[in-house]
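To start, the structure itself, in structure tokens.
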There are 2 protein chains.
Amino acid sequence: YKTEANYVKFYNLYHSWVLRWMLYLFIAIDLALAMFEKPANPDMLWPIGATMSVEVLCLLFFLFRFCHAVYFSIPRIFWRDTKNILILAIIVLTFLDMICFLIWDNVAHDTNPIRWSRPLRPLFIINFSDGKQIRRAFRNIRRTVPEILNILVLFFLSIALFALLALKLFNKRNLTYPDGTPYFKEFFDSIWDLYVLVTTANNPDVMMPAYDESNWFAFFFIIYIIICLYIFMSIILAAIYYNYRNNLKNEIRASVYGKRKKLGEAFELLKVDKGGDQMVVTYQTWCRLLKKVIPKKSQAHIDLLMKILDTDMNHQIERKEFLQLADLLQLELSEVTDRMTFLERYIPTFYNSTISRGLKIGVRHKAFRYFFDFLIFVNAWFIGFDVDKADWFFLAMFTVEILLKLYTFGPKEFFVRFWNSFDFLVVFSAVIASAIEAAEGASREEFKTLDLLLVLRVLRLVKIFGSIQRFKVVLQTIINIGPSIFTYGGVIFVFYYIFAIIGMEIFSGKFDYYGYETEEGDESHFCGNPKLNGTAFFKFQYCNNNFNDFLKSLVILFELTVVNQWHVIASGFVAVTSKAARIYFFMFHLTCVVIVLNIFIAFILEAFILEYTIDKSGKLESCVETKIK
Amino acid sequence: YKTEANYVKFYNLYHSWVLRWMLYLFIAIDLALAMFEKPANPDMLWPIGATMSVEVLCLLFFLFRFCHAVYFSIPRIFWRDTKNILILAIIVLTFLDMICFLIWDNVAHDTNPIRWSRPLRPLFIINFSDGKQIRRAFRNIRRTVPEILNILVLFFLSIALFALLALKLFNKRNLTYPDGTPYFKEFFDSIWDLYVLVTTANNPDVMMPAYDESNWFAFFFIIYIIICLYIFMSIILAAIYYNYRNNLKNEIRASVYGKRKKLGEAFELLKVDKGGDQMVVTYQTWCRLLKKVIPKKSQAHIDLLMKILDTDMNHQIERKEFLQLADLLQLELSEVTDRMTFLERYIPTFYNSTISRGLKIGVRHKAFRYFFDFLIFVNAWFIGFDVDKADWFFLAMFTVEILLKLYTFGPKEFFVRFWNSFDFLVVFSAVIASAIEAAEGASREEFKTLDLLLVLRVLRLVKIFGSIQRFKVVLQTIINIGPSIFTYGGVIFVFYYIFAIIGMEIFSGKFDYYGYETEEGDESHFCGNPKLNGTAFFKFQYCNNNFNDFLKSLVILFELTVVNQWHVIASGFVAVTSKAARIYFFMFHLTCVVIVLNIFIAFILEAFILEYTIDKSGKLESCVETKIK
């Protein structure tokens, strides 16, 4: 970036939280448009003009943001960065697409004009510079794919080979599936059936006709499953895990190197010649710097940080010490100054009286916790056997518990603990829900929205998990890796968005859910499409799984991610279009399940093992801790 | 072990290959008995007397083997070893059981007497001292389970919690599944449904009724799947992998330590005082020792090994050098003396003539290989489109290829390469199959057994994979970890055997496969059990999945391992017995899929990563290689 004062101001403005949150907001709005564009739920459908003007607004903001970045960046570096070029390309393409669409729509409205740039929208999430985590995940995927391509090709060749074998074995036997469809009659159908088998979705159905014919045919399928499912799929996971670990190592190395380089540059700017060859940062410079970086912290805090960094206690910071600054700033240091609670400060005479102190000792006692844990357990029992009578008693007890804890520990200490906040939230919403329920009285017909709140009361049970030490470790691990899981949620969302938009363009409106008690001759019979008559898709009552609006598309894609019955869902769409529809479902499975999901599992493996290793050795933060001690 | 000469003789006898193979044979016979005992295929059913006398024979041999081991072992150590005690216990229990059975059978034959000791049989595989690999795998499982117990308990508690939530949410809505069964009405049914969902087997069916009622209910299932399937299952895999790796490390450390200790003891016995403090093994002792250990190798070989070990070239082996002996003996050193082929030795004038040499150069040329790879590809095309006309041409060509290669390289060099042997096997069997086919002539009705052989011709295609370098690496990895995969095959088999025997005792004879075109009123209608009427099990035509004989039990257990539709299979057996049958299927899933299969995946992960790392750095054998160079 350009380092002149003028540009730095713009740089700071660019990274100000107002503009950043506006960017997030506009990206969210842009993505949310898919819910209101055709095809959509009729209640939520907006006219084309409305959605397009909102989109233009978003694009203009993106363009503004882009120009802003151009202004303070060094052009040579800026234009070499793929992500910047991609942003500009997407903006231009979207504008082009909108113009094309308007012309097409005016000239030939009936030919169902297509907005082909919509799948590009989620790329904004990746390419704007704040989505660093997601970009890193994508980079990881991009680097892993070529490495596992060998194995994937070999895998598909094996499937093709087995398909040939199956064709040879079963072709002449004229077997059929229970619903009468032919059994291994064509090569490409065989490949499809065997690919589905490798996802286990049609096991054991695909085997049964042959197995009924002769028991020995079971061998063919068992060998196939062992080779292609257990061995190949595990090897794909292993290869992904191996590459993921390597890429991660390289990423971390590069990022540490980058950080040190930046810090080194900063040191060069701040250093003062102390005499001899020693260059140092003085205490005064340090204070001015830290005041800029963390303006909210007290002088004592800044002094403390200096003391931690300054290992040789000479009140100056050498280059080697300065390089640890970034790690240091990441640490959360809580200042232990005002432990006085609100009540202690304002009514000390009462708060420190004998009764009050006795109460506080009681609340801090083990028995207090055990008693309420036991109460939760009893409550669980009541909920399990659907006894609603004692609900008010339990609610009152838990409210009292929270109030007592608040009284004893004070709100600050109380809410710092995850389980307390969780408890407060759950009990508080349960109280509200119960109050509303009581107000509604006997009119229990309207429980549709209300009981969602009531159900929350059951979540109190999670507290039991939190109070047992051995579960705490596992839960802590889950909570620790939680944020990173959200990153992968973002990655999956990008893929989902793209596939959902494409899916809606291809499959929307082919059928719909009207219930299954329709009569013959009705428009809505067989979900409104007679081609579904007799298909497994219809028999399983899957009509509500369709691409008729954006949210439903996301749900169906999630179902496809879970894999089970995905071939039945695919078969429904094949029935209303053509066998080429299989390509869409195959592509989705390959990208989202085989690759992205395995990378997600690789990530969890690595994160979990790291957590475990740290948990047992406790190396992190040790440098700072030793210093503090 | 006792080290007196007399006992050593018995020790050697105990480990002689005749007695060891007899042990394997008797174990195999003992296990195979399950195929001939009731319940079994009527063709294979033996009378009780026959199977029991064979079993007594096996047991007597095991007892003999046991006493043999007792004789030369030090009692204190021998009786402290769990595996010895287990063997004795199993033998005693089995005899007891047989006596009980005979009495029970004579007194009350109609009450269906039970041979309860049969599930113990596979324990012989583990506990006889030759099954070291399998015992190690079991030890690994035994050590891993307690470590993941926390997570499993938390996992089941989460399922219970979600089941409560589901009950609260759906109980009052009176929804039903498409076949009319109630939807989340009872707590234990809810737990079962949600446990099945975590295996993905009833996705999306379990969601559809709620989803049809209100689209927002999809959230409940999506959150459940994300938490319990994607996060918990990945963490279980991670925990298993982590513990597996640790256990493996400990195992290897212990085994290396044990090996060094044994070698150290051997060195103490063989050493000669050389003067000073130096103890060495002399060249003469070395030759005598190696002559005993590897009697088949030449003197040159023994000298070479000595030269490799003797790093300081003083013709004596120090203690440090001696400790590497075991690693050295593991290496395959091929002697490169007689590279002359059979033909070269017996008809050298012809073999070395100009024409012959030209031919050999041609065969060694790249174009030769490419031509035949291309031919295989064309052949694949023909097979794929079921053109049988050119079969003879291709077969002839491939036979010529093999003959030419045999001529050029000689049989020794030819068969050393895996792909050549594979090729030879495939083409050779294809020739035989085609010859039989030709002899049979037009009577193509009898192709049942023959076309199994014909199908083998398709396997020639695998050769293409082997001739592409990048696939070779992956295939080599698979081949390298192959033997260890068999170990896990053994582990799985032990579990399968136990579950199969128990399953046969509980479920055999409840129904059978008679085809599905039976008529009402027939004995065989609804697979011989009217309770199956209307169940999904019957609709999917799963009747051939039953526990009516041992092999079928293995097949059904394999289907359960693949997981898909396992709840439908379970529902069939629930229909003909009671809901308690679910416990059997749940236990099988938990042990074989959640634990054993994840350990298998952990093993593949580790083995694959190891192979990859070695492949890229090539560290192994480097010590010996540097010496040789």
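Interface between chains A and B: roughly 9100 Å² of accessible area buried, both sides summed (probe 1.4 Å, protein heavy atoms only). Rounded is the label for the protein assembly as shown. Its Cα gyration tensor axes, ordered a ≥ b ≥ c, give a/c under 1.5. Normalised radius of gyration (Cα atoms, divided by 2.2 N^0.38 Å) for the range B:474-628: 1.46. Which of A:593, A:501, B:217 sits closest to the plus end of the dipole of the protein assembly as shown, meaning its Cα is farthest towards the positive end, when Lys and Arg get +1 and Asp and Glu get -1 on the C-beta? Value computed over the given set: A:593. Peptides B:80-88, B:589-597 ranked from most to least packed, by the mean per-residue count of other Cβ atoms within 10 Å: B:589-597, B:80-88.
Would you please put B:199-207, B:180-188, A:425-433 in order of how densely packed they are, using the mean number of other Cβ atoms within 10 angstrom per residue and starting with the highest?
Values: B:199-207: 22.2, B:180-188: 14.4, A:425-433: 17.0.
Ranked from most to least packed, the peptides come out as B:199-207, A:425-433, B:180-188.
Residues of the range B:559-591 whose accessible area (probe 1.4 Å, heavy atoms of protein chains only) drops by at least 40 Å² once all protein chains are present, relative to their chain alone: B:559, B:562, B:564.
When the residues A:244, B:7 are ordered by accessible surface, computed with a 1.4 Å probe over the protein chains alone, the sequence from largest down reads B:7, A:244.
Counting pairs of Cα atoms in the range A:8-152, how many percent are more than 20 Å apart? Provide the component values of the computation, followed by the final result.
Details: 5931 of 10440 pairs.
Percentage above 20 Å: 57.
Counting only other chains, and only Cβ atoms inside 10 Å, what mean value do you get across the residues of A:599-608? Could you put the intermediate results ahead of the total?
Working: counts 0, 3, 6, 3, 1, 7, 9, 1, 3, 8.
Rounded to a whole number, the mean comes out at 4.
Kindly express, to the nearest 10 degrees and within the range 0 to 90, the angle between helix B:234-270's C-alpha long axis and the longest C-alpha principal axis of chain B. The angle comes out near 30 degrees. Taking the Cα centre of chain B as origin and assigning +1 to Lys and Arg Cβ atoms and -1 to Asp and Glu Cβ atoms, the resulting dipole is close to 3040 debye. Once the Cα atoms are used to define both axes, helix B:366-384 deviates from the longest principal axis of chain B by about 20 degrees. Under the criterion of Cα pairs below 8 Å and six or more residues apart, the relative contact order for chain B equals 14 percent. Peptide A:190-203 has a mean shielding of 2, counted as Cβ atoms of other protein chains within 10 Å of each residue's Cβ.
Ranked by the mean number of other Cβ atoms within 10 Å of their residues, highest first, the peptides A:260-273, B:227-240, B:561-574 fall in the order B:561-574, B:227-240, A:260-273. Distance from the Cα centre of the range A:532-567 to that of the range B:537-604, in angstrom? So the separation of the two Cα centres works out to 26 Å.
For chain A, what is the calculated [θ] at 222 nm in deg cm²/dmol (nearest 500), taking -39500 (n - 2.57) for each run of four or more DSSP H residues and dividing by its residue count? Computed ellipticity for chain A at 222 nm equals -22000 deg cm²/dmol. State, to one decimal in nm², a quarter of the convex hull surface area for the C-alpha atoms of chain B, i.e. the direction-averaged projected area. Over every viewing direction, the Cα hull of chain B projects on average to 40.9 nm².
Against the main long axis of the alpha-carbon atoms of chain B, helix B:5-14 sits at an angle near 50°. Give me the percent of accessible area attributable to carbon and sulfur for the range A:69-180, probe 1.4 angstrom. Summing carbon and sulfur atoms, their accessible area is 65 percent of the total for the range A:69-180.
For chain B, the residue among B:382, B:486, B:155 whose Cα projects farthest onto the positive side of the dipole built from Cβ charges is B:486. Projecting the Cα positions of B:554, B:353, B:183 onto the charge dipole of the protein assembly as shown (unit charges on Cβ atoms of Lys, Arg, Asp and Glu, taken about the Cα centre) puts B:353 furthest along the positive direction.
Taken about its Cα centre, the protein assembly as shown carries a charge dipole of roughly 6060 debye when the Cβ of each Lys and Arg holds +1 and the Cβ of each Asp and Glu holds -1. So how far, in whole Å, is the C-alpha centre of the range B:226-264 from the one of the range A:79-108? That distance is 53 Å. Partner shielding of B:547-556 amounts to 2, given as the average count of beta-carbon atoms from other chains within 10 Å of each residue beta-carbon. Across the range B:210-224, rounded Karplus estimates of 3J(HN,Hα) from the backbone phi angles (6.51 cos²θ - 1.76 cosθ + 1.60, θ = phi - 60°) give 5, 5, 5, 5, 8, 4, 5, 5, 3, 4, 3, 6, 5, 4, 4 Hz, Gly and Pro being marked x.
Size of the dipole of the range B:5-130 about the Cα centre, Lys and Arg at +1 and Asp and Glu at -1 on the beta carbon, nothing else charged, in debye to 20? Can you show the working numbers first?
Numbers: 10 positive and 9 negative charges, 124 e Å.
Computed about the Cα centre, the dipole is about 600 debye.
Counting only protein heavy atoms and a 1.4 Å probe, the protein assembly as shown has 52 square angstrom of accessible area per residue.
The values are calculated or read from the model by the stated rules, or taken from the named source; none is laboratory data. Because the structure is a prediction, the values reported are computed rather than measured. Using ideal geometry, Cβ is built from the backbone for each residue, glycine included, and neighbour counts are taken over all protein chains shown. With ligands, DNA and RNA removed, areas are computed over all heavy atoms of the protein, side chains included. Shrake-Rupley method; radii C 1.70, N 1.55, O 1.52, S 1.80 Å.
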